[in-house]
Amino acid sequence: MSRKDLRSHPREDIGQELVWAEINLAHLKHNLRQLRRIVDRKTGILAIVKADAYGHGMVRVAKTLEKNGVRFFGVANIHEAMELRKVCPGASILVLGCPHPKQAPLYIKNNIIPTISCREDALPFEKLLAANLARSGFPVHVKIDTGMGRLGIWHKQAPQLIRELADCKHLSIQGVYTHFANADHREKKRTLKQIQYFQYLLKVLKQLKVKPRYVHAANSIGLVRFKKTHLNLVRPGLLLYGINPTGGPLPLRLKPVMILKTRVALIKEVETGRSISYGSTYKTKGRTKIAVLPIGYSHGYRVGFSNKTQVVIQGRRYPVVGRVTMDQTLVDLGPKTSVRRWDEVFLIGGGISANELAGHISSIPYEIVCSIHSRIPRF
Ligand SMILES: Cc1ncc(COP(=O)(O)O)c(C=O)c1O
C-alpha cells in the first residue's frame, strides 16, 4: 500500500506512528454549523478545499461537508478538481486558478467550472464545445479584480469582457466573483471600496441583462466582518478548519479540526553548557534532560521555530531548543521530569494554535497548516 493510501485512517490505527495529524470531522461539522448561523439561509456555501483542504485532507473533508449539505467546492487547479470529482460526483467544483488552454478538455469532460480572467481564457472552451457540437450552457465564473491585483479582469474593463462572453454561444456566465485583499485589516476603507466597485459592476451587468446565478466575494474574514459581502454565495476556507484568520475576536466559536502530534523518541541527560543541534544556537544552563522529537522541517515543522516555539507533553509546555533539523527537533524537559520515552507530544493542539506558531515566524496560520507535509498520515 502506498503512503498516500495510508493517509486517511481510523483513529484506532495510530498505533506506533511517530508523527501524525488527527483530523476531527465532528469539529469540521461544528464549524460549518457556526458559519451557517451568521449566513443567510438563501446564501450558499462554496467550501474552499484547495491545497488538500489546507492540509486537512481534501477527500475526507469534502465528503463530510457534502454529507452536511455543502454542494459547491473551490479548488486551486484542474488536478485537485479531478481528484475531488471522483469522490463528489454530483458537486459543483470551481477552479480558482487560471485554466491552461490545453486543460479545456479535462474541464469539459469532468464538468469542472473554470475561472475566466480574460477573453483568451474562454476561447479554448468555446471552440472545443462548438467543434464537438456540444450543448450550450457550459458554466464559467468570471473573476473581477476590484483591488486584489491578482487574477481577474480589472472591474472597469469587465463589462466589455462580459459582453464578449455573452456572445460565446456555448458558454454560460454562471458566476461573477471578486476577492478581497484587506478584509482582515482593522481599517475597513479598502474593503468597502472593493465592495463598492463590485456592486457597481453588478448594476452594470443588470443593465446589460446578464444575470449570473451566483455572485460571490466573501472569504472567511470577509464574511465575518462585512455582512454585505455575503451576496448569494460565500467562499470560506480557514474558518471551516476552525482557525481564526486574524487571531482577534470572532462572532462564532470555532473548534480546530487539526491536531499535529509526535512522540518523544529519545531522552538524554546532559550537563551544563552542552550545545544543542546545528550551529550550537542553544547551550544548556544547567543539568537537564533533552527530548528528541522525530519531526523536522521536512514535515513542515519550520526552521524558523528554532528556540521560539513550545510543545505540550502531559499537559505542560516545554521549549523547542536549538535549530529544528530536517527530521528531528529538540526540547528541553528540565532536570526533573515525568516525561517518558514515547509519550505523545502536541505540536499543534493541546493549547498551541496554528496562529501561535505563525506568530513566531511572521507568517499566517494558513501557511502553517498548508505546510504540514502530505506524507504525514492523517487519522
Ligand atoms: C479566491 C479565494 N476565495 C476564497 C478563499 C478562502 O479564503 P479563507 O481561507 O480566508 O476563507 C481563498 C483562499 O485563499 C481564495 O483564494
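Kindly indicate whether His155 is buried (at least 16 other Cβ atoms within 10 Å of the Cβ) and either under 26 Å from Leu240 (Cα atoms) or within 16 Å of the ligand (Cβ to nearest atom) (or both).
Details: buried (at least 16 other Cβ atoms within 10 Å of the Cβ): yes; either under 26 Å from Leu240 (Cα atoms) or within 16 Å of the ligand (Cβ to nearest atom) (or both): yes.
Spelling it out, His155 is indeed buried (at least 16 other Cβ atoms within 10 Å of the Cβ) and either under 26 Å from Leu240 (Cα atoms) or within 16 Å of the ligand (Cβ to nearest atom) (or both).
Taking the condition of being among the hydroxyl-bearing types (Ser, Thr, Tyr) and open to solvent by 60 Å² or more (accessible area, probe 1.4 Å), how many residues in the range 281-318 meet it?
Step one: of the range 281-318, the residues among the hydroxyl-bearing types (Ser, Thr, Tyr) are 281-282, 284, 288, 297-298, 301, 306, 309, 318.
When the remaining residues are screened for being open to solvent by 60 Å² or more (accessible area, probe 1.4 Å), the result is 281, 297.
Qualifying residue count, the range 281-318: 2.
If you go through the range 52-68 one residue at a time, do you hit one that is surrounded by fewer than 21 Cβ atoms within 10 Å (Cβ to Cβ), modelled with pLDDT of 95 or more and either within 13 Å of the ligand (Cβ to nearest atom) or not assigned by TED's automatic domain parsing to the domain that holds Tyr107 (or both)?
Among the residues of the range 52-68, not one is surrounded by fewer than 21 Cβ atoms within 10 Å (Cβ to Cβ), modelled with pLDDT of 95 or more and either within 13 Å of the ligand (Cβ to nearest atom) or not assigned by TED's automatic domain parsing to the domain that holds Tyr107 (or both), which makes the answer no.
Scan the range 34-47 and tell me whether some residue there is farther than 21 Å from Lys261 by Cβ, in a strand (DSSP E or B), open to solvent by 30 Å² or more (accessible area, probe 1.4 Å) and in the same structural domain as Val234 (by TED's automatic domain parsing).
For the range 34-47, residues farther than 21 Å from Lys261 by Cβ, in a strand (DSSP E or B), open to solvent by 30 Å² or more (accessible area, probe 1.4 Å) and in the same structural domain as Val234 (by TED's automatic domain parsing): absent.
Applying the selection to the range 218-238, what residues are under 9 Å from Ala183 (Cβ atoms) and within 11 Å of the ligand (Cβ to nearest atom)? Outline the logic, then answer.
So in the range 218-238, the residues under 9 Å from Ala183 (Cβ atoms) come out as 218-226, 229.
Within the range 218-238, Ala218, Asn219, Ser220, Ile221, Gly222, Leu223, Val224 qualify.
List the residue pairs whose Cβ atoms are under 8 Å apart, where the first residue sits in the range 220-245 and is among the charged types (D, E, K, R), the second is more than 12 Å from the ligand (Cβ to nearest atom), and the two are 6 or more positions apart or on different chains.
Arg225/Lys188; Arg225/Thr191; Lys228/Ile195
Restricting the range 252-271 to residues that are more than 30 Å from Val292 (Cβ to Cβ) and away from the ligand (no atom under 15 Å from the Cβ), which is most open to solvent (accessible area, probe 1.4 Å)?
Step one: of the range 252-271, the residues more than 30 Å from Val292 (Cβ to Cβ) are 252-255.
Still in the list and also away from the ligand (no atom under 15 Å from the Cβ): 253, 255.
On the way: Arg253: 192, Lys255: 81 Å².
Applying the filter and picking the extreme gives Arg253.
Just for the range 10-25: of the residues that are assigned to a helix (DSSP H, G or I), in contact (Cβ under 8 Å) with a residue 12 or more places away in the chain and open to solvent by 30 Å² or more (accessible area, probe 1.4 Å), which one is nearest to the ligand (Cβ to nearest atom)? Can you show your working first?
Quick first cut of the range 10-25, residues assigned to a helix (DSSP H, G or I) only: 11-14, 25.
Subsequent filtering for residues that are in contact (Cβ under 8 Å) with a residue 12 or more places away in the chain retains 11, 13-14, 25.
Still in the running and open to solvent by 30 Å² or more (accessible area, probe 1.4 Å): 11, 13, 25.
On the way: Arg11: 26, Asp13: 30, Leu25: 18 Å.
So the residue we want is Leu25.
The values are calculated or read from the model by the stated rules, or taken from the named source; none is laboratory data. Since we're looking at a predicted model, the values are computed, not measured. Here Cβ is always computed from backbone atoms with ideal geometry, including for glycine, and neighbour counts include all displayed protein chains. Remember, those area values only see protein heavy atoms, side chains included, never the ligands or the DNA or RNA. Shrake-Rupley method; radii C 1.70, N 1.55, O 1.52, S 1.80 Å.
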